[in-house]
Amino acid sequence: MTGILLIVGCLFVGQTESTPADHGTEVRRLVRQLDAPQLDARNAAEAKLIELGPETLPLLPSPDSQQSAEVRQRLGRVRRALEQKLAAAAVEPSRVTLHEKQAKLSRVLKEIERQTGNRIIDSREQFGRASDPEVAVDFNKTPFWRAMDRVLDEAGLTVYPFGSERAVYLADCPEGAVPMTRACCQTGPFLFVPVELTAKRLVNAANEGTLHLGMVVAWEPRLAPIGLTQRLTEIQAIDENGAALDVDVRLGALEVPVNPTATAVKLSIPFAVPPRDVQKIVRLTGTLDALVPGPIETFRFTGLPAAKDVSRRVANATVTLQGMRKNDDIWEIEVRVRFEEAGDALASHRGWIFSNEAYLEGPDGKRVENEGFETKMQTENEVGVAYLFYLEDSPAKYTFVYKTPARIFTTRFKYEFQDLELP
């Protein structure tokens with residue numbers, strides 16, 4: 001038996017609010033206090049910097065030789081604590097507060113868009129059959145996916161997870177389809193949805209064969225995960241008799257690179273086929289590892305093409321402009337991007353970094369997009385790329401702009417399914 005459920009992950013691009021000037025003044029005062037003669041004053045300054053929260057990170061000075069060893073050590077602890085807070089905030093769901101006894105669906109969806117930054121596309125309009133029913137909503141800091149569940153259930157709609165843009169695609173709910181809220185597990189900004197169970201048995205050996213659970217993993221796009229890893233040893237399943245179903249762990253882990261425009265992926269979990277008298281999986285639990293980028297940082301380089309081996313560092317990322325040279329009619333700008341503690345973020349199958357923005361900015365503020373790029377080198381924590389540009393005037397007039405996440409987090413998400421009927 002196969003059950004299919006249409007769902008979609010929508011993207012929330014988080015925006016960092018500007019930091020007030022007095023906040024910067026306070027940070028500078030506390031950094032100076034890290035070198036105070038009194039131990040209590042130093043400890044108090046360190047604690048206060050952490051208390052100010054992740055928005056303090058860009059205001060902290062970079063480690064340099066002019067700082068005392070103790071100040072560098074304390075700043076290191078502050079950065080690590082704030083980055084942990086930033087990682088925790090990144091995996092919180094966006095929330096909706098909205099109270100309407102009766103409102104048009106289009107108005108409610110626009111308000112959800114405004115509050116969360118999540119784009120919503122009604123794909124029914126392509127077929128000329130979009131309707132705009134009235135719905136009642138009562139949300140108070142309700143997680144995004146839960147709010148969408150309620151709105152779409154009332155409107156008789158569902159969402160589709162594999163659209164061409166980073167958005168929630170609305171579609172008519174197929175007759176007899178299982179409502180999203182009954183089947184999925186919501187964990188932070190993630191949805192885990194079982195979509196099918198398939199079994200194969202050998203004709204002459206009834207208890208030999210395979211069982212696969214297919215599920216869709218979707219997310220709010222503010223995460224834009226770099227990659228997902230499902231370690232098969234992290235999955236446990238129990239049948240109605242209380243016996244464990246054996247997970248086929250020979251693969252070790254399912255590693256899924258994520259396309260930068262994707263909002264969902266499919267996973268297939270392998271089991272040994274259970275005896276024929278087993279009718280359902282009563283409870284299945286798992287933990288998924290996600291590589292998640294932090295906020296986008298902007299690196300700017302002027303003085304082209306004379307600039308050579310100029311480095312800029314923000315948080316854990318260092319971008320180095322190695323040089324600019326002309327090759328026939330094309331100008332080539334070569335950069336290296338290095339991450340401290342990159343983990344698996346730059347593994348050969350992770351192409352996210354090649355989607356980073358890289359462009360020239362003219363004196364009038366207009367962008368000149370690159371015409372392509374060439375990969376020069378790649379290691380476990382560094383990538384070298386040459387970007388190609390056509391220019392009609394002197395490159396010295398331009399600023400090279402490169403944008404990348406400066407931090408990469410590894411975060412774990414737990415999920416649970418109940419009462420999955422076996423085929």
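Before moving on, here are some points about what is shown:
- Qualifying residue in the range 176-190 (condition: touching a helix residue (DSSP H, G or I) at 6+ places or on another chain (Cβ under 9 Å), at pLDDT 90 or above and of a type outside the set (S, T, Y)): yes
- Single match in F339, F373, F354 (criterion: touching a strand residue (DSSP E or B) at 6+ places or on another chain (Cβ under 8 Å) and within 26 Å of P61 (Cβ to Cβ)): F339
- Identity of the residue in the range 307-321, touching a residue at least 60 places away in the same chain (Cβ under 8 Å) and not charged (D, E, K, R), that ends up farthest from V91 (Cα to Cα): L321
- Those residues of the range 107-129 which are surrounded by 15 or more Cβ atoms within 10 Å (Cβ to Cβ) and of a type outside the set (D, E), in sequence order: V108, L109, I112, Q115, T116, G117, N118, R119, I120, I121, S123, R124
- Residues satisfying the stated conditions in the range 326-336, i.e. among the basic types (K, R) and modelled with pLDDT under 95: K326
- Flag for R350 being surrounded by 14 or more Cβ atoms within 10 Å (Cβ to Cβ), within 30 Å of P225 (Cβ to Cβ) and not polar (S, T, N, Q): yes
- Wholly enclosed strands (runs of 3 or more DSSP E) of the range 342-423 bearing at least 2 residues in contact (Cβ under 8 Å) with a residue 40 or more places away in the chain and within 30 Å of R201 (Cβ to Cβ): 408-421
- Set V385, V401, V368, V335: member being surrounded by 15 or more Cβ atoms within 10 Å (Cβ to Cβ), in contact with a helix residue (DSSP H, G or I) (Cβ under 8 Å, 6 or more places away or on another chain) and β-branched (V, I, T): V385
- Conditions (1) buried (at least 17 other Cβ atoms within 10 Å of the Cβ); (2) modelled with pLDDT under 90: number failed by D393: (1)
- In the range 56-74, residue modelled with the lowest pLDDT [restricted to those that are within 22 Å of H23 (Cβ to Cβ) and outside any loop (DSSP other than H, G, I, E, B)]: P58
- You will find that of I296, I269, the residue that is over 30 Å from A358 (Cβ atoms) and touching a strand residue (DSSP E or B) at 6+ places or on another chain (Cβ under 9 Å) is I269 and no other.
- Qualifying residue in the range 377-387 (condition: modelled with pLDDT of 95 or more, of a type in the set (F, W, Y) and in contact with a strand residue (DSSP E or B) (Cβ under 8 Å, 6 or more places away or on another chain)): yes
So that you can scan it fast, the table gives a plain yes or no per residue for (1) more than 29 Å from L82 (Cβ to Cβ); (2) in contact with a Ser or Thr (Cβ under 7 Å, 6 or more places away or on another chain); (3) not hydrophobic (A, V, I, L, M, F, W, C):
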position	(1), (2), (3)
F373	yes, no, no
E382	no, no, yes
Y387	yes, no, yes
A396	yes, no, no
I408	no, no, no
F413	no, yes, no
F417	yes, no, no
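- Residue in the range 154-162 that is at pLDDT 85 or above, loosely packed, with under 15 Cβ neighbours inside 10 Å and within 30 Å of L197 (Cβ to Cβ) present: yes
- With respect to the stated conditions, I112 fails to be β-branched (V, I, T) and farther than 30 Å from T410 by Cβ.
- If you check P93, P37 for being part of a loop (DSSP other than H, G, I, E, B), touching a residue at least 40 places away in the same chain (Cβ under 8 Å) and either surrounded by 15 or more Cβ atoms within 10 Å (Cβ to Cβ) or out of contact with any strand residue (DSSP E or B) (no Cβ under 7 Å at 6 or more places or on another chain) (or both), only one passes: P93.
The values are calculated or read from the model by the stated rules, or taken from the named source; none is laboratory data. Predicted model only: the values in this text are computed from it and were never measured. All Cβ positions, glycine included, derive from the backbone under ideal geometry; neighbour counts span all protein chains shown.
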